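Okay, structure first, notes after.
The values are calculated or read from the model by the stated rules, or taken from the named source; none is laboratory data. Note that this is a predicted model, so its numbers are computed, not measured. For neighbour counting, all protein chains shown are included, and Cβ atoms are generated from backbone atoms with ideal geometry for every residue, glycine included.
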Amino acid sequence: MLGLLQLLLAVFAIFSALRFPEELKLFVPLGCLIAMLIISRLEKRKTDRKTERISFLQSEMDKVSKKESTAIKDQDFFIIDSLLWPKSELLLIDAVHSIFKDLGFKVSAGINYQTVDRIVKIPETHMVFGVQILMSEGELEGNHPKISRALQFEKEKRENEKSLMIVSTHIHLPLSERDRLNHISKELSHFLKRHHMSLITTHHLYELWQKAKGREINIFGFFEKVYSHSGETLQSKEIENSQSPLFGVPV
């Protein structure tokens, strides 16, 4: 976009030099040249920021996996950034949608429901999730507006549908610091168990995505387990023990 603007300025500068009155032939092209230099600086700064951000993400992934991970692809950069450090809930919803789509799930907007962000179906099964996607600067509390929406979905849902929350918590912290923190309050944990709802963090979803792409887990099998469990808290296991399709289900 900035490159196109520079091209337009260059064309306008040439046009002004040929067609404008004498008193403007110097000043207009000079102004265009200055504007092109400013745009060039802005474009370089934007590129540098993106490079720094990719480097930061790569470093974070390496710290978490405790090994050198594969380089982040350009098409995955925006998804990972929006998933783990979302700048808005809309970007987070788009990132989660893209990941489920990439994993082979059937994903759609909740057209029949006004209370969920996405409907996610496990292929070749009757299992359907009504997915609430939300973000929190700290741990998720029970007073978040989307908790009441999830409760409303519980009243409206069909027999084969299950509530699933995907939550990006502690969004301003590095991943290494998040591991030592609670992601949901005790009150919310009891609420989810009482209403048989499931919840996973976006960090966990990212790990599932990477493991599934590396063919280290059966991703459909994992979510079939999430679907079938009755809402009790399941003990989290280390990521290295992820051969089981149930590794690390928070709630």
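Here is a check on your reading of the model: is Thr125 under 24 Å from Ile171 (Cα atoms) and either of a type in the set (S, T, N, Q) or in contact with a Ser or Thr (Cβ under 6 Å, 6 or more places away or on another chain) (or both)?
no
Of a type in the set (Ser, Thr, Tyr) and without any contact (Cβ under 8 Å) to a residue 12 or more places away in the chain: which single residue out of Ser163, Ser148 fits that description?
On the way: Ser163 fails: without any contact (Cβ under 8 Å) to a residue 12 or more places away in the chain.
On inspection, the qualifying residue turns out to be Ser148.
I'd like to verify a number: residues in segment 86-110 that are closer than 12 Å to Ile122 by Cα and assigned to a loop (DSSP other than H, G, I, E, B), how many?
Number of matching residues: 3.
Residue check: is Gly231 touching a Lys or Arg at 6+ places or on another chain (Cβ under 7 Å), at pLDDT 50 or above and not in a helix (DSSP H, G or I)?
Considered against the rule, which asks whether it is touching a Lys or Arg at 6+ places or on another chain (Cβ under 7 Å), at pLDDT 50 or above and not in a helix (DSSP H, G or I), Gly231 comes out as yes.
Considering each of Lys146, Lys101, Lys155 in turn, give the residue that is at pLDDT below 90 and within 20 Å of the chain's Cα centre (by Cα).
It is Lys146.
The conditions are (1) at pLDDT 90 or above; (2) surrounded by 14 or more Cβ atoms within 10 Å (Cβ to Cβ); (3) over 25 Å from Glu137 (Cα atoms); (4) of a type outside the set (A, V, I, L, M, F, W, C), and Ser198 fails exactly one of them. Which is it?
So Ser198 meets the others, but not (3).
Condition first: part of a helix (DSSP H, G or I) and buried (at least 17 other Cβ atoms within 10 Å of the Cβ). Now tell me which residues in segment 139-174 satisfy that.
Lys146, Ile147, Arg149, Ala150, Phe153, listed by residue number.
Of everything in segment 128-138, what is part of a loop (DSSP other than H, G, I, E, B) and either out of contact with any strand residue (DSSP E or B) (no Cβ under 8 Å at 6 or more places or on another chain) or more than 24 Å from His170 (Cα to Cα) (or both)? Give them in sequence order.
Of everything in segment 128-138, those that are part of a loop (DSSP other than H, G, I, E, B) and either out of contact with any strand residue (DSSP E or B) (no Cβ under 8 Å at 6 or more places or on another chain) or more than 24 Å from His170 (Cα to Cα) (or both) turn out to be Glu137, Gly138.
Of the residues Ile111, Ile79, Ile122, only one is at pLDDT 95 or above and either in the same structural domain as His190 (by TED's automatic domain parsing) or not basic (Lys, Arg) (or both); which?
Result: Ile122 is the single residue among Ile111, Ile79, Ile122 that is at pLDDT 95 or above and either in the same structural domain as His190 (by TED's automatic domain parsing) or not basic (Lys, Arg) (or both).
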